[in-house]
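Heads up, the thing below is written out as structure tokens.
The values are calculated or read from the model by the stated rules, or taken from the named source; none is laboratory data. Not measured: the values here are computed from a predicted model. Note that we place each Cβ from the backbone using ideal geometry, even for glycine, and neighbour counts take in every protein chain shown. Please note that ligands, DNA and RNA were not included when accessible areas were found on the heavy atoms of the full protein model with its side chains. Shrake-Rupley method; radii C 1.70, N 1.55, O 1.52, S 1.80 Å.
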Amino acid sequence: MVDRLLKSNSNIVLVGFMGTGKTSIGKRLSSHLKMRYIDTDNVIERDSQRWISDIFEQDGEQAFRDLESEAVIKVSKLRNHVISTGGGVVLREENIIVLKEFAIVVCLTATPEEIFRRIGHQTHRPLLRTPDPMNTIRDMLVDREPFYSKADYMVDTTEKSFNDVISHIKEIYNSSISS
Ligand code: S3P
């Protein structure tokens, strides 16, 4: 249950570790609910005209986190949007506080094995460019668990179809805005 009043034009924010399906679910969910879709990583790349991997490489993670917090402030002013976020957005508490003002925050989860299966072959994520990405995923999931648990709801995506996950989030959203 969300502990605050949400209106019918409230946003849905998807948080969760890399590879939990925030983008693929977010896009589909927005069209199911006739809402608009936006992704904070895209906002950062559009506004800075740089790839996220370049920002990490040239300016470091903290510089990226600053841009991410700016993007969060921008998207939190929107209404009637499904907002996907980067996997580390939860690391700054103020991001979650701002996002929760006009949204329910749903954390997508998946097992480390499933995450690795989905994204282990991809190379564009700076934090997973390590000698042993599977171990990195395991370690980061443990470190970040307390941050992800700040979401209003957790939705497991492991071995679930897009439709299952979308129906689950739709139920959550409808019960949150009418309650
Ligand atoms: C990050 C996740 C990435 C991106 C950046 C940092 C993270 O987004 O924001 O590489 O800290 O988990 P995705 O979760 O969409 O891959």
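Does residue 175 meet the test of being part of a helix (DSSP H, G or I) and either open to solvent by less than 30 Å² (accessible area, probe 1.4 Å) or more than 15 Å from residue 21 (Cβ to Cβ) (or both)? Lay out the reasoning, then the answer.
Values: part of a helix (DSSP H, G or I): yes; either open to solvent by less than 30 Å² (accessible area, probe 1.4 Å) or more than 15 Å from residue 21 (Cβ to Cβ) (or both): yes.
Yes; evaluated as a whole, the condition is true for this residue.
Taking the criterion of being farther than 21 Å from residue 157 by Cα and either open to solvent by less than 60 Å² (accessible area, probe 1.4 Å) or at pLDDT 95 or above (or both), would at least one residue in the range 25-34 satisfy it?
Going residue by residue through the range 25-34, those that are farther than 21 Å from residue 157 by Cα are 34.
Checking the rest, the ones that are also either open to solvent by less than 60 Å² (accessible area, probe 1.4 Å) or at pLDDT 95 or above (or both) come to 34.
Yes, the conditions are met somewhere in the range 25-34.
So in the range 89-144, with the set limited to residues that are within 25 Å of residue 29 (Cβ to Cβ) and among the polar types (S, T, N, Q), which one is least open to solvent (accessible area, probe 1.4 Å)?
So, considering only residues that are within 25 Å of residue 29 (Cβ to Cβ) and among the polar types (S, T, N, Q), the one least open to solvent (accessible area, probe 1.4 Å) is 95.
Please identify the pairs in which a residue from the range 154-179 that is closer than 24 Å to residue 90 by Cα has its Cβ atom under 7 Å from the Cβ atom of a residue that is open to solvent by 60 Å² or more (accessible area, probe 1.4 Å) and assigned to a loop (DSSP other than H, G, I, E, B), counting only partners at least 6 apart or on another chain.
If the second residue must be open to solvent by 60 Å² or more (accessible area, probe 1.4 Å) and assigned to a loop (DSSP other than H, G, I, E, B), the pairs left are 177/7; 177/8.
Out of the range 6-28, which residues are in a helix (DSSP H, G or I), more than 9 Å from the ligand (Cβ to nearest atom) and within 11 Å of residue 84 (Cα to Cα)?
24, 25, 26, 27, listed by residue number.
Out of the residues in the range 94-142 that are among the polar types (S, T, N, Q) and in a helix (DSSP H, G or I), state the one that is farthest from the ligand (Cβ to nearest atom). Spell out how you get there, then give the answer.
Restricting attention to the range 94-142, the residues satisfying the condition of being among the polar types (S, T, N, Q) are 95, 109, 111, 122-123, 130, 135-136.
From the residues that got through so far, the ones that are in a helix (DSSP H, G or I) too are 95, 135-136.
Working: 95: 12, 135: 16, 136: 11 Å.
Out of the qualifying residues, it is 135.
Taking the range 29-44 on its own, how many of its residues are more than 13 Å from the ligand (Cβ to nearest atom) and in a helix (DSSP H, G or I)?
Of the residues in the range 29-44, 4 are more than 13 Å from the ligand (Cβ to nearest atom) and in a helix (DSSP H, G or I).
Enumerate the pairs (first residue in the range 1-21 and touching a residue at least 40 places away in the same chain (Cβ under 8 Å) and under 20 Å from residue 72 (Cα atoms); second residue anywhere and hydrophobic (A, V, I, L, M, F, W, C) and assigned to a loop (DSSP other than H, G, I, E, B)) with beta-carbon separation below 6 Å, excluding pairs fewer than 6 apart on the same chain, so at least 6 apart or on different chains.
Close Cβ pairs satisfying both conditions: 10/102; 11/102; 15/151; 20/110.
Quick test of your reading of the structure: residue 59 fulfils all but one of (1) open to solvent by 30 Å² or more (accessible area, probe 1.4 Å); (2) near the ligand (Cβ under 10 Å from one of its atoms). Name the failing condition by number.
(2)
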